[in-house]
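First comes the structure, then the notes that go with it.
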Amino acid sequence: MGIMSWLAQVGGWLEQSGIGEAVRMTPFLYPILESLHILGIALLVGPAMAVDLRLLGIGRSILPVTIVSRYLLPLSHAGFGLVAATGAAMFTGIALSVTMSPAAP
């Protein structure tokens, strides 16, 4: 069994799953997932960038690194979780076309 036939089987199985069917058949679910995905990316990158800037010394006299990290890094973790969940859900809706694309391995 070659990699392409295996990818086709997995892609077909994902699309026929309950989540895949719901993403494809529910009106406006895919655009809602996309919007949440972009929000998750902003939530992942924004706080991480603020922590990085603080580590570079910006705002040294205002807040210590430990305080900045304690409050902002959990937001980045939540953003990562949102990105992973919405990305996986969006993938299940179009898995077969993605796995059969010439860009797939």
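Close Cβ contacts (under 7 Å, 6 or more residues apart or on different chains) running from residues in the stretch 21-47 that are in contact (Cβ under 8 Å) with a residue 12 or more places away in the chain and closer than 12 Å to T92 by Cβ to residues that are among the aromatic types (F, W, Y) and assigned to a helix (DSSP H, G or I) comprise V23/Y30. Among what's in the stretch 61-80 and is without any contact (Cβ under 8 Å) to a residue 12 or more places away in the chain and under 18 Å from the mean Cα position of the chain (by Cα), pick the residue that is surrounded by the fewest Cβ atoms within 10 Å (Cβ to Cβ). Among them, the one singled out is P74. If the condition is being surrounded by 13 or more Cβ atoms within 10 Å (Cβ to Cβ) and not aromatic (F, W, Y), then the stretch 18-31 contributes I19, G20, E21, A22, V23, R24, L29.
Of everything in the stretch 1-28, what is among the hydrophobic types (A, V, I, L, M, F, W, C) and not in a helix (DSSP H, G or I)? Give them in sequence order. Across the stretch 1-28, the qualifying residues are M1, F28.
Quick one: which of T92, T86 is in contact (Cβ under 8 Å) with a residue 60 or more places away in the chain, among the hydroxyl-bearing types (S, T, Y) and surrounded by 17 or more Cβ atoms within 10 Å (Cβ to Cβ)? Walk me through how you get there before you give the answer.
Working: T86 fails: in contact (Cβ under 8 Å) with a residue 60 or more places away in the chain.
Within the list T92, T86, the selection yields T92.
Yes/no per residue for (1) outside any helix (DSSP H, G or I); (2) closer than 30 Å to E15 by Cβ:
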site	(1), (2)
Y30	no, yes
L53	no, no
S61	yes, no
R70	no, no
P74	no, no
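We did not get these values from a lab; they are worked out from the coordinates using the rules stated. Small disclaimer: the values here were computed from a predicted structure and weren't measured. Positions of Cβ are generated from backbone atoms using ideal geometry, with glycine treated the same way; all protein chains shown enter the neighbour counts.
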